[in-house]
Amino acid sequence: MNTSKILAAAALSLLAAAGAHAETYEGVQAVTSGYSRADVAPQAVAAARAGNTYGDGISSTVAPALTASADRATIRTEAVAAAHAPGQNLRRESFADSVVPAQAKARTFTRQAGL
């Protein structure tokens, strides 16, 4: 029993040692470009002035400011009414055929704490 565990551990350590090997460091690669800095500088300036050639016209412009379609007070009263609506937290997936029954909608689920 004890020797079989030792042999299994030795086999696993040999597999781990065979699988783990490091890559060799080849140092900094030499530059293979045929252009000098003086040749590349005007190309860089022209590319910078050209802008984003791959961007479409819509996403490269500033979006216009959004204007509200309703008054702030109206939106707030609608939100408060929706928050106080009975059965607002009912999920359609919880019921058969994904339909909330009428008796569940009419029921009030909030309770006042009694002191």
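At-a-glance table
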| read-out | value |
| --- | --- |
| Lone unmet requirement of (1) at pLDDT 85 or above; (2) over 35 Å from the mean Cα position of the chain (by Cα); (3) among the β-branched types (V, I, T) for I75 | (2) |
| Checklist (1) at pLDDT below 80; (2) open to solvent by 80 Å² or more (accessible area, probe 1.4 Å); (3) of a type in the set (A, V, I, L, M) applied to I6, failing item | (1) |
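The values are calculated or read from the model by the stated rules, or taken from the named source; none is laboratory data. What you see is a predicted model, and the numbers here were worked out from it, not measured in a lab. Heads up: the accessible areas ignore ligands, DNA and RNA and are worked out on the full protein's heavy atoms, side chains in. Shrake-Rupley method; radii C 1.70, N 1.55, O 1.52, S 1.80 Å.
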